[in-house]
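Bear in mind that the values in this text are calculations on the coordinates, not laboratory data. A quick note: this is a predicted structure, and the numbers were derived from the prediction, not measured. No Cβ is skipped: glycine too gets one built from the backbone with ideal geometry, and neighbour counts run over all protein chains shown.
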Amino acid sequence: MHWYLDVLKKYTVFSGRARRQEYWMYALFNAIAAIIALVLDLVLGAFPIIIAIYYLAVLLPSLGVLVRRLHDTGRSGWWVLFAAIPLAGPITLLVFLVSEGERSDNAYGPDPKSGYAAA
């Protein structure tokens, strides 16, 4: 759960690097929270109000951790736009996201696996 909260605390941080574990644990807890919001929407008959508010609330933190994850693999955050290309874009982006990060310092900061706690 702390992975999710850490990403939310870095609400608009687009610099630095994010390990695979940080990104995927955030994605897991984000999916769980979205399912809970959807169930609340359906139970309360408010669909799609609650889920829309939730998605708007986590839009910037989600983009921030995505950009930091791309930075960890040595790619610019602009690769996020590649997802707009049908079929090939999202698949390529997924491959980037599951790839291991660069094991040394890169243009975006030190290796987060080296024990350095990125701010």
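Things worth noting here:
- 0 to 90° range, to nearest 10: angle between helix 59-72 axis and the chain longest Cα axis: 20 degrees
- Within the chain, helix-based [θ] at 222 nm, where runs of 4 or more DSSP H residues each add -39,500 (n - 2.57), nearest 500: -18000 deg cm²/dmol
- With K and R counted +1 and D and E -1, the other residues having a Cβ less than 10 Å from that of residue 65 yield a net charge of +1.
- Within-14-Å neighbourhood charge of residue 83 [Cβ basis; K, R +1; D, E -1]: +2
- Listed candidates (i) 2, 10, 14, 16, 15, 13, 11, 8, 6, 4, 2, 1, 0, 0; (ii) 2, 12, 19, 21, 19, 13, 8, 4, 2, 1, 0; (iii) 2, 12, 21, 26, 22, 11, 4, 2, 0 - label of the one calculated as P(r) over Cα pairs in 5 Å bins from 0, in percent: (ii)
- Part-to-part distance (alpha-carbon centres) for the range 10-44 and the range 47-119, which is given in Å: 12 Å
- Under a 5 Å amide H cut-off, with hydrogens placed 1.01 Å from N, residue 109 pairs with nothing among residues at least 5 apart or on other chains.
- Local electrostatic count, residue 114, Cβ distance below 10 Å [Lys/Arg +1, Asp/Glu -1]: 0
- Its Cα centre serving as origin, the range 2-113 has a Cβ charge dipole (Lys and Arg +1, Asp and Glu -1) of approximately 140 debye.
- One chain, two ends: residue 104 and residue 9. Fully extended at 0.36 nm per residue, the span grows by 31.6 nm beyond their Cα-Cα distance.
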